[in-house]
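Participant: My questions all concern the structure below.
The values are calculated or read from the model by the stated rules, or taken from the named source; none is laboratory data. A quick note: this is a predicted structure, and the numbers were derived from the prediction, not measured. All Cβ positions, even for glycine, are placed from backbone atoms using ideal geometry, and neighbour counts span all protein chains on display. Calculation scope for accessible area: heavy atoms of the full protein, side chains included, ligands and nucleic acids excluded. Shrake-Rupley method; radii C 1.70, N 1.55, O 1.52, S 1.80 Å.
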Amino acid sequence: MFESLKPVAMDPILGLMAAFRADDRTTKIDLGVGVYMNDQGHTPVMASVKEAEAQLMQLETTKSYQGIAGDPGYNQHMLELLFGPEHSILSSGRVKTIQAPGGSGALRVGAEVIQRARPESKLWVGVPTWPNHIPLLGSAGFEIKEYPYYDRDTKQINADAMMETLRQVPAGDMVLLHGCCHNPTGADLTHAQWDLIADLALERGFIPFIDTAYQGLGDGLDEDAYGLRMMADRLPELLVASSCSKNFGLYRERTGSITFIAENAKQADIVASQAMSVARQIYSMPPAHGALIVSLILGDAALRANWETELTEVRSRIQSMRTLLTDSIQNNAAGVDFSHVQQQKGMFSFLGLNTDQLDQLRNEFGIYIVSSSRVNLAGINSSNIGYLSSSILSVLK
Ligand code: LMR
């Protein structure tokens with residue numbers, strides 16, 4: 001049977017991660033996969049996570065099944081983290097959150113529920129977007145349509161073209177938005193642009209599907225949630241896929257959630273039952289460990305304060321690496337403008353290098369960057385910045 005199968009090329013980001021690991025040059029630099037690294041180039045377990053894990057070892061009395069929706073405490077904490085504890089949606093009965101295996105699992109459950117509700121809905125994605133959005137959501141059955149998002153020439157969001165396209169989206173279609181820290185460009189919507197998209201959603205009748213995988217890595221936990229909180233206020237229906245991979249550093253624990261906002265409480269209950277039926281058909285139940293850690297952290301004032309301090313350090317370090325890279329390039333090359341890197345948010349920016357330059361960086365210098373020219377700023381540190389900037393400058397010549 002298997003002889004009919006052809007080999008499939010590895011995912012571009014995960015393939016790059018494997019190639020980096022296999023490279024034995026000691027000077028190599030990983031600016032590829034979106035994983036936080038400290039100034040030593042290490043991805044540490046957060047101290048608050050370690051503490052919660054230690055508590056969990058003591059508290060946990062069973063490994064029995066938890067249920068399809070995961071841990072109810074985690075789901076409630078995620079709702080409050082996403083929307084803020086005072087948001088009116090929390091007491092409306094119109095919102096349901098279920099735990100999911102990472103942000104990807106959350107996206108997939110959301111997509112499958114939409115397919116059940118309205119199989120003819122198309123999914124509009126910004127160009128560019130996270131490369132796995134299209135295979136992940138397209139394989140759930142969506143026809144994918146595109147709207148312009150980022151202009152590589154101006155290094156800004158192409159707001160006019162984006163709004164012009166969104167003005168044509170038919171009622172009942174879905175529009176994928178990045179909650180914050182846009183992956184891959186780092187170019188985030190302004191509040192005014194979020195407001196305008198909400199106006200268009202109301203006018204046209206399309207439904208936003210927000211992927212928020214980096215809450216807290218842009219401007220702050222509350223600041224990064226502006227768009228989804230505003231939309232939850234104003235729109236009758238909304239989906240939010242969220243992830244604890246980056247802001248809790250729980251990557252391999254696959255900890256995420258999918259939130260549905262429906263027109264009324266009765267519909268929200270039905271949507272949640274559909275989401276659980278989807279989950280049962282795909283993976284049955286989500287993994288427990290990461291969600292229990294998040295639940296312990298968010299449910300304990302001291303642990304939460306420690307986590308927020310650690311998250312602030314992560315955010316500040318990435319921000320200072322933006323400044324370091326921008327300065328070290330601009331101070332050493334007349335006419336090269338990297339100021340967009342300084343202005344953008346979250347883990348990523350586009351450097352604007354072409355394929356030849358990226359190949360040269362990888363082959364000659366052992367510097368790994370995703371082929372879109374997306375860099376993970378957290379891969380930069382005080383030891384490699386000199387080598388990195390001189391290598392970039394040499395390929396820019
Ligand atoms: C990334 O964009 O690098 C991360 O979200 C990791 C992944 O799964 O692609």
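Participant: Would you confirm whether any residue within the range 92-100 is open to solvent by 50 Å² or more (accessible area, probe 1.4 Å) and either under 25 Å from Gly15 (Cβ atoms) or part of a helix (DSSP H, G or I) (or both)?
Facilitator: no
Participant: If you don't mind, another one. Would you confirm whether or not the range 372-394 contains a residue that is aromatic (Phe, Trp, Tyr) and closer than 25 Å to Pro12 by Cβ?
Facilitator: yes
Participant: Also, quick follow-up: Just the residues that are open to solvent by 10 Å² or more (accessible area, probe 1.4 Å) and within 16 Å of the ligand (Cβ to nearest atom), please, taken from the range 196-212.
Facilitator: Asp211, the sole residue that qualifies.
Participant: Right, another one. Looking only at the range 173-187, which residues are assigned to a loop (DSSP other than H, G, I, E, B) and aliphatic (A, V, I, L, M)?
Facilitator: Selection gives Ala187 alone.
Participant: Going by the structure shown, is Leu79 of a type outside the set (S, T, N, Q), surrounded by 12 or more Cβ atoms within 10 Å (Cβ to Cβ) and away from the ligand (no atom under 16 Å from the Cβ)?
Facilitator: Yes.
Participant: Output yes when any residue across the range 222-233 is among the aliphatic types (A, V, I, L, M), within 15 Å of the ligand (Cβ to nearest atom), assigned by TED's automatic domain parsing to the domain that holds Asn264 and in contact (Cβ under 8 Å) with a residue 12 or more places away in the chain, and no when none is.
Facilitator: no
Participant: Grab the helices (runs of 4 or more DSSP H) fully contained in the range 339-397, keeping just those with 3 or more residues being crowded, with 19+ Cβ neighbours inside 10 Å.
Facilitator: Because the criterion is at least 3 residues that are crowded, with 19+ Cβ neighbours inside 10 Å, the helices (runs of 4 or more DSSP H) in the range 339-397 that meet it are 355-365, 385-396.
Participant: Being surrounded by 16 or more Cβ atoms within 10 Å (Cβ to Cβ) and out of contact with any Ser or Thr (no Cβ under 8 Å at 6 or more places or on another chain) is the filter here; which residues of the range 31-52 pass it?
Facilitator: The answer is Leu31, Gly32, Val33, Gly34, Met46, Ser48, Val49, Glu51, Ala52.
Participant: Same structure again: If Glu53 satisfies all but one of (1) under 26 Å from Arg280 (Cβ atoms); (2) of a type in the set (Asp, Glu); (3) outside the structural domain of Asp211 (by TED's automatic domain parsing), what's the number of the condition it fails?
Facilitator: For Glu53, the failing item is (1).
Participant: Suppose we filter the range 141-164 for residues that are surrounded by fewer than 19 Cβ atoms within 10 Å (Cβ to Cβ), at negative phi and touching a residue at least 12 places away in the same chain (Cβ under 8 Å); how many remain?
Facilitator: Total satisfying the criteria: 10.
Participant: Would you point out the residue of the range 1-30, among those that are surrounded by 10 or more Cβ atoms within 10 Å (Cβ to Cβ), more than 16 Å from the ligand (Cβ to nearest atom) and of a type outside the set (Lys, Arg), that is farthest from Asn132 (Cα to Cα)?
Facilitator: Checking each candidate, the answer is Thr27.
Participant: Same structure again: If a residue has to be of a type in the set (Ser, Thr, Tyr) and crowded, with 24+ Cβ neighbours inside 10 Å to count, how many in the range 213-255 make the cut?
Facilitator: 4
Participant: Looking for whichever is part of a helix (DSSP H, G or I), assigned by TED's automatic domain parsing to the domain that holds Phe209 and surrounded by fewer than 22 Cβ atoms within 10 Å (Cβ to Cβ) here; the options are Arg116, Arg108. Which one fits?
Facilitator: Arg116
Participant: Leu217 - would you say it is of a type outside the set (S, T, N, Q), assigned by TED's automatic domain parsing to the domain that holds Thr255 and within 14 Å of the ligand (Cβ to nearest atom)?
Facilitator: Yes; evaluated as a whole, the condition is true for this residue.
Participant: Take the conditions within 26 Å of Cys244 (Cα to Cα), of a type in the set (A, V, I, L, M), away from the ligand (no atom under 16 Å from the Cβ) and not in a strand (DSSP E or B) and apply them to Ala140. Does it pass?
Facilitator: Taking the combined requirement at face value, the residue satisfies it.
Participant: Among the residues in the range 44-53, are any in a loop (DSSP other than H, G, I, E, B), among the hydrophobic types (A, V, I, L, M, F, W, C) and away from the ligand (no atom under 16 Å from the Cβ)?
Facilitator: Yes, the range 44-53 contains at least one residue that is in a loop (DSSP other than H, G, I, E, B), among the hydrophobic types (A, V, I, L, M, F, W, C) and away from the ligand (no atom under 16 Å from the Cβ).
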